[in-house]
1. Is the stretch B:242-261 home to any residue that is more than 26 Å from A:THR52 (Cα to Cα) and either more than 13 Å from every other protein chain (Cβ to nearest Cβ) or touching a residue at least 24 places away in the same chain (Cβ under 8 Å) (or both)?
2. Of the residues in the stretch B:207-229, how many are at pLDDT below 95 and basic (Lys, Arg)?
3. Residues that are in a strand (DSSP E or B), touching a helix residue (DSSP H, G or I) at 6+ places or on another chain (Cβ under 7 Å) and more than 30 Å from B:LYS322 (Cα to Cα): does the stretch B:57-71 have at least one?
4. Please go through the stretch A:11-50 and give me each residue that is of a type in the set (A, V, I, L, M, F, W, C) and not in a helix (DSSP H, G or I), ordered by number.
5. Of everything in the stretch A:209-241, what is touching a residue at least 40 places away in the same chain (Cβ under 8 Å) and more than 30 Å from the chain's Cα centre (by Cα)? Give them in sequence order.
6. Any residue in the stretch B:389-398 that is modelled with pLDDT of 95 or more, within 14 Å of another protein chain (Cβ to nearest Cβ) and touching a helix residue (DSSP H, G or I) at 6+ places or on another chain (Cβ under 6 Å)?
7. Looking only at the stretch A:345-359, which residues are out of contact with any Pro (no Cβ under 7 Å at 6 or more places or on another chain) and more than 10 Å from chain B (Cβ to nearest Cβ)?
8. If A:VAL164 passes every condition in (1) over 24 Å from A:ILE228 (Cβ atoms); (2) aliphatic (A, V, I, L, M); (3) in contact with a helix residue (DSSP H, G or I) (Cβ under 9 Å, 6 or more places away or on another chain) but one, which one does it miss?
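The values are calculated or read from the model by the stated rules, or taken from the named source; none is laboratory data. Note that this is a predicted model, so its numbers are computed, not measured. When we count neighbours, we look across all protein chains shown, and the Cβ atoms used for this are built from the backbone with ideal geometry, even at glycine.
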2 protein chains.
Amino acid sequence: MKMVTVEQAEKIVLAQIKDYGTEQMYFENALGRVLAEDVKADRDLPPYDRVTMDGIAIQFESFEKGNYSFKIIGTQAAGDTPIEITNFDECVEIMTGAALPSTTDTVIRYEDLNIKDGIATVTINTVTKNQSIHFRGRDKKQNEVVVKANQVVSPVIIQMTAAVGKDKLLVKKLPKVVIISSGDELIKVNETPTPYQIRKSNNYTIKAALQQYRINAEMIHIPDDAEITRKEIEKCLQQYDVIILSGGVSEGKFDYIPKALETCGVEKLFHKVQQRPGKPFWFGKHNNGVLVYAFPGNPVSTFMCLHRYFLLWLEQSLNIVKEPMYAQLNKDFVFNPALQYFLQVQLTINNNGTLLATPVEGNGSGDFANLLGTDAFMELPLEQNKFTKGEVYRIWQFSLASKW
Amino acid sequence: MKMVTVEQAEKIVLAQIKDYGTEQMYFENALGRVLAEDVKADRDLPPYDRVTMDGIAIQFESFEKGNYSFKIIGTQAAGDTPIEITNFDECVEIMTGAALPSTTDTVIRYEDLNIKDGIATVTINTVTKNQSIHFRGRDKKQNEVVVKANQVVSPVIIQMTAAVGKDKLLVKKLPKVVIISSGDELIKVNETPTPYQIRKSNNYTIKAALQQYRINAEMIHIPDDAEITRKEIEKCLQQYDVIILSGGVSEGKFDYIPKALETCGVEKLFHKVQQRPGKPFWFGKHNNGVLVYAFPGNPVSTFMCLHRYFLLWLEQSLNIVKEPMYAQLNKDFVFNPALQYFLQVQLTINNNGTLLATPVEGNGSGDFANLLGTDAFMELPLEQNKFTKGEVYRIWQFSLASKW
């Protein structure tokens, strides 16, 4: 099988988007999950003609006819049943949030009143009919959709859900994901490495990035042993929806993983993408539907493939609609190999409101210290070798980056 | 006390930034928290001369002198102790991630080799000395800072932390926050309102927005009763670092909160800001250090004040450094009142890489349905009334918005 392009790889990956179903949950716990139903208004919004200033409610016609003084017949707070006036020169002292009495149509705020001995006198000359009232149904009508399905539940969506009395929400189920690290050179974080060992770390990055989507991925480690590798993969194929592997997919003698995947019946959909970093990326599918993302072990490669392929697949599987993000290259850049290059960039916004991407090159795909100073990958087109300052290309902002 | 400007209000709020100390936690749990210490490399990074391709390790001088065939004297995987050659025509079959033997200096990948009967023959003419090696200490030196303090812990930081063997991280402690809703017109989410009641919802939005910072705020509700209000506020002043109130701070007869705050010894630092929405915003401080953010009850007002003041204060208290975000106004806009206007906008990126902010006006500060279709507030300068398409202003992107 020959190397695929990034475009082909994306197409193959996105052909495998899958609906994992829905589940109900208490609305407060749904933050960050994907809404799987439309939320409708249970009543008009606002549900009544809502007073928006503290002051008095009057009939405008009375003021228009020259009446500036109104007898206060009662005080109505938010939540109270409206107090009705029976006379043109009467008014109701009324609070923000209260329901406008049907016998009144205009509210005058305290700042424009003089109140003495139960009489409110208007101290301004201009009053507009219907002022300081947020009329019933002005924002939304009863049964109108207020929150559309297929959005990540945000604080504002939580608010709207509370307001319409929907304390349970239908959300998309999340795929069960396992992250497998492999290689005898990898030790645990709290262990002391020999001069030739390193600590496991890719698995933690992947797990952390998935937390943004509320996925709690499992992590397992397998040693460089053909039989154990096969058994563990066999087990994972029964228990998870997605297997993410990091490392063990290049041509090395001790890379048991591609063979184990094959033995377990995982069909290779591609191996190697015409890109840097992340060329040895392997992607496959078991006939029971389990997907296998086997990323190259270099940290920058894993991180790039995670964003460019897995998270894209995940978002589309969950029906999350995101727009592609673009930025202006802020410095000339040359890349000669016949590979699509994912350039690490720092993002800034200039005083024109334009997103600028400044290249920050590291020492290759093993240099994850370099990632720390950057915010995104800029995807440079394969057909070009020279990229000029001012040109606009797609960027892939890092998961949970909090630049602004 | 007269109304303050937005600029003055910001100054007063930021004069109250406070350090809540630090605490240690297991590194994996620190995602989203603020790192309070520099993380240093425990060893050089990479810790050894790291092979970056599967293939053979040779002495370049041998190839340079015309030798194309090398006898494989052993196979070295990642994690293995290096195998040393003793002769110019020898090589070590070597895997990605392995430590380069000190007797070799160049790696040739499988793709450029022909291996037969234990002899590897190079099939290309150009080999560069030191190729396919990521040299020790190239990225970072031992004891060099790899992650600086005062950053939100991201997946990449988690990775770096794991790599240098730091399984406990010192992070900033979070302030204890209570969110108080008030007003007899407010009922619970699962209750059925009378025609003049509405459900509590602001408190949930605030709580959800704080979750982004890993703060689990408490929520309490107090009825419209002067004595209960006083008692509850008294209690909260003993138990929390910050009290956020939503509603009950306008001039209304039933707004017991400003009085209760005063009685409890909370000093008013300002009341009313020259802004829309959110004019009645009240901010104060108890002499025990507790801060009180009393937001106006209209949902859009609460949401704006939360982003513009509280979250800004919180980020600075936690030492989170964020850059201001700017966008181009995408449509002419007029706003005449002598107030600083926070315009609700939708964000897009044009094909020039420029952030465009398109105004989406709702029906005032009670219309929170409108917030759902927007991504940010654009802060329009007080001194101006006309704002022209193409002008660039600061924006405040909504918490947990996932536009791109």
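1. Keep residues of the stretch B:242-261 that are more than 26 Å from A:THR52 (Cα to Cα), which gives B:242.
Retained after the next criterion (residues that are either more than 13 Å from every other protein chain (Cβ to nearest Cβ) or touching a residue at least 24 places away in the same chain (Cβ under 8 Å) (or both)): B:242.
Within the stretch B:242-261 (the criterion being more than 26 Å from A:THR52 (Cα to Cα) and either more than 13 Å from every other protein chain (Cβ to nearest Cβ) or touching a residue at least 24 places away in the same chain (Cβ under 8 Å) (or both)), the answer is yes, since at least one residue qualifies.
2. Residues that pass the stated criteria total 0.
3. no
4. Here is the first cut: in the stretch A:11-50, the residues of a type in the set (A, V, I, L, M, F, W, C) are A:12-15, A:17, A:25, A:27, A:30-31, A:34-36, A:39, A:41, A:45.
Hits for the stretch A:11-50 are A:ALA15, A:ILE17, A:MET25, A:LEU31, A:VAL34, A:LEU35, A:ALA36, A:VAL39, A:ALA41, A:LEU45.
5. Listed by number, the residues that qualify are A:ILE222, A:PRO223, A:ASP224, A:THR229, A:GLU232, A:ILE233.
6. There is at least one residue in the stretch B:389-398 that is modelled with pLDDT of 95 or more, within 14 Å of another protein chain (Cβ to nearest Cβ) and touching a helix residue (DSSP H, G or I) at 6+ places or on another chain (Cβ under 6 Å).
7. Those that are out of contact with any Pro (no Cβ under 7 Å at 6 or more places or on another chain) and more than 10 Å from chain B (Cβ to nearest Cβ): A:GLN346, A:THR358, A:PRO359.
8. With (1) over 24 Å from A:ILE228 (Cβ atoms); (2) aliphatic (A, V, I, L, M); (3) in contact with a helix residue (DSSP H, G or I) (Cβ under 9 Å, 6 or more places away or on another chain) applied to A:VAL164, the lone miss is (3).
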